[in-house]
Amino acid sequence: MSQLQARFFTENKRYVVDDVPFSIPAGAEVLDLSNVINKLLEAKNASHSKVEFDFLVRGQFLRTSLSTHMETEGISTEDVVEIEYVERITAPEPEECMMHDDWISSVDADAEWILTGSYDKTARIWSVEGKAVMTVAGHTDVVKDVAWVKRDGLTSLLLTASLDQTVLLWEWNSERNKVKARHCCRGHTGSVDTVATDPTGSKFCSGSWDKMLKIWSAVPTDEADEVEEPADRPRKKQKTQQLGLTRTPLMTLSGHNEAVSSVLWCDSEELCSASWDHTIRVWDVETGGMKTTLTGSKVFNCISYSPLCRRLASGSTDRHIRLWDPRTKDGSLVLLSLTSHTGWVTAVKWAPSHEHQLVSGSLDNLVKLWDTRSCKAPLYDLAAHEDKVFCVDWTESGLMLSGGADNKLYTYRYSACQTDAGA
Amino acid sequence: MEFGAVFRSLTFPQIFNFNKKPAEEEEEEEDEDLSDSEDSVFSGLEDSGSDSEDEEEEGSNDKEDGDDEGLKTGPEESEQVEFYVCVSRVFRVQLFSDVVVPVQDIRNTVGNIPMEWYRDFPHIGYDLDGKKIYKPIRNKDELDEFLDKMENPDYWRTVHDKQTGSDIVLSDEQVELVNRLQRGQFGDVNFNEYQPQVEFFSGDLMVHPVSNRPADKRSFIPSLIEKEKVSKLVHAIKMGWIKPRRQDDDSRGRYYDLWTNEDSSILAKHRMHLPAPKIPLPGHHESYNPPPEYLFTDEERALWEQQDLSDRKFPFVPQRFSSLRQVPAFPRFIHERFERCLDLYLCPRQRKMRVNVNPEDLIPKLPKPKDLQPFPTTQSLVYRGHSGLVRSISVSPSGQWLASGSDDGSVRFWEVRSSRCMKTVQVGGAVRSVAWNPNPSVCLLAVALDSVVLILSPSLADRQVVSSSERLLSGQQEEEPAEGVGPVTWSEGEGEELNQGIRLKIQHPKAVHQVAWHAKGDYLASVMPDHSSHLQVFIHQVSRRRSQNPFRKNKGLVQCVSFHPVRPYFFVATQRSVRIYNLVKQEMTKKLQANSKWISSMAVHPGGDHVVCGSYDCRLSWFDLDLSTKPYKMLRHHKKAVRGVAYHRLYPLFASASDDGSVIVCHGTVYNDLLQNPLIVPVKVLRGHVITHDLGVLDVTFHPTQPWIFSSGSDATIRLFT
């Protein structure tokens, strides 16, 4: 077996080894290299306890033997290989399983509360520990998306978007555990599939099957916007009165040729939307104009944006997760595709504290944890679900959530390496 | 004493008898002598002085020598002895050639001088220490010499060293050496005087010049002498003194071209000429003196004789003759010639015309399916919920909803993107056909079950759309049909049915198999196949609740009908043909002959100029209405009956579903250019449905905007391929 010259380095001060080239067998795999590093660390520091490491060669995770990896990456075996090593990311541990009455369409979680939307026409609030706190009922049809608007103190604002073409803005008092519909946002003429709150919490945007994006004010007021259409049906009038004051959109962004499937705010001025017309569009909220169009070849189901690496991840019906740079001018460049799912990718979410990691859910019942430095294989497959996965989320406190057609919302505790998080 | 031996040695003194074996002790002595001399070589002259025996012998030899000269006066003899000495020295040198030895005998330092100079002294020289070397004391007289000659068998090989005065008996090797020298050969046996010659100048082209001498000046300066000679010749030619040699013209025609005047027509006649097959050349068997392996053994010969004439390998037996002269005449010569002529005469020789066609070339050039993307390739979603086979599916014009009718008596509405069943309507009977109203501003579904056609309003769309569809359905209210007793009765849904969304019921006299909407969404056609009646097709106007039977005659069992997407044409597929009627002029415009036995399904291209028909005999026929009434293309890719065909509204795709459980997606580009035929390429076989009760895929339909295809099967599932 041939030997390779390799130099190991790490960003982690705890595990630094001497900066000298080592000769290692070309067929070495991750475990062998990990043993090598552990041996070195033991030689340096007798009290060192064994740590599992992962290895990066030119920014790509080593998943096969070193020689095959370098062959596929086209790295010369003549030179000294620079191998970075990081502490192996431990597998996310399943924590809670929250049973719903029906399919879970969406989930939004923060450090304390989890908000889920379900096909039983309700949204639910759960504590992080898995206790059902509140059921938000009011929609006349399936709840398609949910979002927290603001959580200050005991009162929180939350949004539910539904197939009944409305978005409801609710106020929830966590102490008294009372929920009250403050506003009913009317204006869409199709199922509202996605809703997103802007970073300041003063506006939100909704995307619908009717190809429109609408921007609404998220600030609850005590007076209703006047509705242009005369309420011809008394039944509907009643419903409106029941569910809070009617609100009309601040702005309507039209441009998509097909249903809008996902929308998000890149920052407070920029909006990004994915659609079934195979495009991702970036909008300027101030002017209401379209800034960029990223054109793909398949229907987009979901997008997610990471401010850490400024990349857009999209999940589409062709089983790939693609990474985009929303700032490119030509707007058709796929930076990377992550391929391992076997069904439509229905949900993606970037890690809030790690620039390389994201989580994805797919119709093949799997939730996968990805690292963009290893685009052929995910870090971990989370095979908890027995049916289609529709939504995933990832909170800043390191909790991953996924819900799907098996009526279960799973949470996973994920201890991202503290050292690696800043890398 | 043997006299003969003496005589021999005397008469042939120079010939040494090599056969004569020296006595053993003599040999030993000789060895001693040799070893002595060896010793002396290595250990200086110490030995020579002390070795008295040697000295004695030498002395006697010396004496004898001197006497010899006197007695025999054989000049050769004395020379010979001299020569021996010399040889012994040379030989010594040769023996110890690996050690550097001076040629001179080192026991005596007098040098190479005539030894006569020491004749009168008691000594013959000096050793290295400067001491005198005394002559050997014993002096042989003539008699001793003679006795020695007679008795000593080694006498002939004994030589006298004048310088030391000792006698030396030559060893065999030395004798041999002497012999060789006498014969004029080289002393060294191993020396090859005929070394292979290394040619200095050879024919081979060498890399380097033999000599690096620069070329002579004369080699590049024109020779004055030659110039002079040439100028003399030129002058002579000019003056006419020298005449060129007369050219011998060959006009007499010693040689002439036999074929110059050949008529080309004769050649043309023989273009197909086949040369007669050549007789194989004679082999070794035919030789008069064949190698022994070709001669027959007894068994072979017996076999040959037993064999039939035609089975024999050769018609003759290979025979051996000592000379060609003895070969008899070949008895079968005439016979063989005759057979050869007969062969040539009777053999039918004609050239086989073979056309070499590469089978690849016969296949039409079609683009690769890879280049024709997008088209559905993989199964993405399965819509489960029905409990009976799903006969019919239809997608809403927006592409958000999918309606399916099943034998379990229900119509289900599915959300396309999540495969969620949003609504189930129990209609109480096996649903034969569902059709979503193609008008996007209304949301209605026509359902055929038994003899009823239901119009459902699933209220899955925008309120305005729902209300407009309600308006469409209730628009007729004011004009109640005058002719109350038609074959078709209209009624409204009531009570629970209304809650389920059933708005209208159209009661037909017979079982309805298919419903089809007009593109505008107002007209609805229903099919009731019947052999014996002309009441097979109804066209209903929903907004006015009117029904009419457009046909007066039974032209065959109607299988399915379809409206032209833009023009007022109506397609009616019977068992073997498709009739196209102009609804405005009320006449038949075209009759398409499908070359199949039983048409099962039909789809009209969104452009309206192409029709594809599936049939129960596994065929799919594509008609180009502008081209012909015969199918432009027949596709026989399915193994079993084709149940459903569909066109995509936007993409150039069409698909067929079959009982073999597969859906075949084909690319079908049509061109506006009338001269260009449609391009039809099968691109994908989609499998997924399980065959139950010998039924596979029952219906197939495309998504209105995406290149996706839905298929419903007898396994109670609907599958989405993307």
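FYI, it's all coordinate maths here, none of it is from the lab. Owing to the predicted nature of the structure, the values given are computational and were not obtained by experimental measurement. Positions of Cβ are generated from backbone atoms using ideal geometry, with glycine treated the same way; all protein chains shown enter the neighbour counts.
For region B:616-713, what number results from the quotient of the Cα radius of gyration and 2.2 N^0.38 Å? Walk me through the numbers before you get to the answer.
On the way: Rg = 13.7 Å, N = 98, 2.2 N^0.38 = 12.6 Å.
The value comes to 1.09.
Taken over region A:255-330, the percentage of Cα pairs per 10 Å bin, counting from 0 up to the bin with the maximum distance, is 21, 58, 20, 1.
How high is the FRET efficiency from B:Gln373 to A:Gln5, r the C-beta distance, R0 60 Å, rounded to 0.05?
On the way: r = 45 Å, r/R0 = 0.75.
For R0 = 60 Å, the calculated efficiency reads 0.85.
Each residue, B:Val110 and A:Ser337, gets one label point 7 Å from its Cα in the Cβ direction; the gap between the two is 11.6 nm. Rounded to two decimals, the Cα radius of gyration of region A:51-145 over 2.2 N^0.38 Å is 1.83. When B:Lys232, B:Lys368 are sorted by how many other C-beta atoms sit within 10 angstrom of their C-beta, beginning with the fewest, the order is B:Lys368, B:Lys232. Take every DSSP beta bridge whose two residues both sit in chain A, then give the antiparallel share in percent to the nearest 5. Percentage antiparallel, nearest 5: 95.
Expressed as a fraction of 2.2 N^0.38 Å, the value expected for a compact globular protein of N residues, the C-alpha radius of gyration of region B:332-447 is 2.59.
The mean number of Cβ atoms from other chains found within 10 Å of a Cβ in peptide B:413-422 is 5, as a whole number.
Residue order for B:Ile539, A:Ile75, B:Ile168, fewest other beta carbons within 10 angstrom first, comes to A:Ile75, B:Ile539, B:Ile168.
Would you mind putting B:356-365, B:417-426, A:202-211 in packing order, based on average other-beta-carbon counts within 10 Å, highest first? Before the final figure, lay out each step's value.
Details: B:356-365: 6.6, B:417-426: 18.6, A:202-211: 23.7.
Descending mean neighbour count gives A:202-211, B:417-426, B:356-365.
When only the Cβ of Lys, Arg, Asp and Glu is charged (+1, +1, -1, -1), the dipole of chain A relative to its Cα centre reaches about 700 debye. One equal scatterer on each Cα of chain A, no solvent, Debye formula: the resulting log10 I(q)/I(0) at q = 0.07 Å⁻¹ is -0.38.
Label sites at B:Thr589 and B:Glu305, each approximated as a point 7 angstrom past Cα along Cα to Cβ, lie 9.7 nm apart. Distance from the C-alpha centroid of region A:97-170 to that of region B:428-451: 36 Å, rounded to the whole angstrom. Projecting label points 7 angstrom from Cα along Cα→Cβ for B:Asn192 and B:Gln548 puts them 12.2 nm apart. Sorting A:Thr372, B:Thr260, A:Thr339 from the fewest to the most surrounding beta carbons within 10 angstrom yields B:Thr260, A:Thr339, A:Thr372. Axis of helix A:30-44 versus longest Cα principal axis of chain A: the two differ by about 70°, to the nearest ten degrees. Here the Debye sum runs over all C-alpha atoms of region A:66-213 as equal scatterers in vacuum, and log10 of I(q)/I(0) at q = 0.16 Å⁻¹ comes out as -0.80. In this Cβ point-charge picture (+1 for Lys and Arg, -1 for Asp and Glu), region B:519-569 has a dipole of about 220 debye about its Cα centre. Descending by average beta-carbon neighbour count within 10 Å, the peptides A:5-16, B:657-668, A:302-313 line up as B:657-668, A:302-313, A:5-16, the highest first.
Only alpha carbons enter this Debye calculation for region B:549-604, each as an equal point scatterer, and the log10 of I(q)/I(0) it gives at q = 0.26, 0.27 Å⁻¹ is -1.12, -1.19.
Pair-distance distribution P(r) for region B:149-213, from all Cα-Cα distances in 10 Å bins starting at 0: 16, 26, 19, 13, 11, 11, 4, 0 percent.
With R₀ set to 56 Å, the beta-carbon distance separating A:Asp79 from B:Thr669 gives a calculated FRET efficiency near 0.60. Fully extending the segment from B:Arg119 to B:Asp144, taken as 0.36 nm per residue of separation minus the present Cα-Cα distance, adds 6.9 nm. The stretch between A:Ser23 and A:Asp325 holds 104.8 nm of extra length on full extension. This uses 0.36 nm per residue minus the Cα-Cα distance.
For the peptides A:159-165, B:447-453, the ranking by mean Cβ contacts within 10 Å, running from highest to lowest, is A:159-165, B:447-453. Once the Cβ-Cβ distance of B:Lys313 and B:Lys365 is raised to the sixth power relative to R0 = 45 Å, the FRET efficiency obtained is 0.25. Directionally averaged projected area (region A:276-423, Cα convex hull): 9.1 nm².
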